[in-house]
Amino acid sequence: MTVRTSRRQIASADNLAAAAAVILMTDLALSLGDALIKLTSGTIAVWQLFLLRSLMALPLLVPAVLASSSATLRPRALAWTTLRSLMLVFMWLAYYAALPHLQLSVAAVSYYTLPVFITLFSALFVGERVGPVGWVAVALGLTGVLLILRPDAAAFNAYALLPLLSAVLYALAMILTRTKCREEHPLTLSLALNLAFVVAGLLGVGIFGDGNGEGGYLTTGWLPLGAAEIGTLVVLSAAMIIGSLGAAFSYQRAPSNVVGTLDFSYVGFAAVWGLLLFQEIPSLITLCGMALIVGAGILALRR
């Protein structure tokens, strides 16, 4: 009876139309931000990006939290919110590390294997009955991954494994958002996430220090910035605010399977940015793998 009441209370607080509109806007902003990160990966270090992007966001977020009647500077579920923020920091770190080495559309679709991982986790760790449709979705998704990775071919790119790791972390973080962090205001979750990025950025800059970018994207702490890089960081900061608020709001206000299906719009936006900014045209085999993964994800979510 307790579980049924809880589910009714969750459903009564849902707002499907608002969640759908917000997740589409979120994916548009995030895909543009990720395209810019790929474009500037040789001029802005990832730790520098983490630090400066969130430092620019904090002067907007903190007053917004203070002005809100329901948002709080300290999360109610501090431990769960901290864990969620750390998962998302490592998720973005893995994804950003892959971007300089992959086509944007390939990175995006590899990352959006997350519904397949949700289905697997539900069966392995929660004991949820997956059913024939769920297992078909898993099989299709894994087949799509193999077509993209092609582990036995010369075209194999190990960096494509990083978006898969991102998918695992994002899936876990969004489950926490809907279950353990549902009562947290999106502003509070966004503030916590950006604080986590500031801490991670400071640690990275402190460990790796200055550099000229020759040490690699992950092992360069700081690079000199020009006007173009500062302008890019401003845009990335705005995209980060929209993304962190939008994802929290959408997954709190609608069932995860509904939001997750619409979340695939990121793949389409990423393909457009990849074509416009990098003239990226995936191979036929890669396109087949991408189609299988998108189809598997939608099938798993609608299950």
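Here are some notes:
- Where residue 44 falls short, out of the listed (1) touching an Asp or Glu at 6+ places or on another chain (Cβ under 9 Å); (2) in a helix (DSSP H, G or I); (3) within 25 Å of residue 219 (Cα to Cα): (2)
- Flag if residue 140 is modelled with pLDDT of 75 or more, farther than 23 Å from residue 87 by Cβ and part of a helix (DSSP H, G or I): yes
- Residues being out of contact with any Leu (no Cβ under 6 Å at 6 or more places or on another chain), in a helix (DSSP H, G or I), among the small types (Gly, Ala, Ser) and farther than 19 Å from residue 93 by Cβ - total across region 47-76: 1
- Residue among 107, 57, 18 that is surrounded by 18 or more Cβ atoms within 10 Å (Cβ to Cβ), more than 30 Å from residue 140 (Cα to Cα) and touching a residue at least 12 places away in the same chain (Cβ under 8 Å): 57
The values are calculated or read from the model by the stated rules, or taken from the named source; none is laboratory data. All figures in this text were calculated on a predicted structure; none of them were measured in a lab. Because the Cβ atoms are built from the backbone with ideal geometry, glycine has one as well, and the counts that use them run over all protein chains shown.
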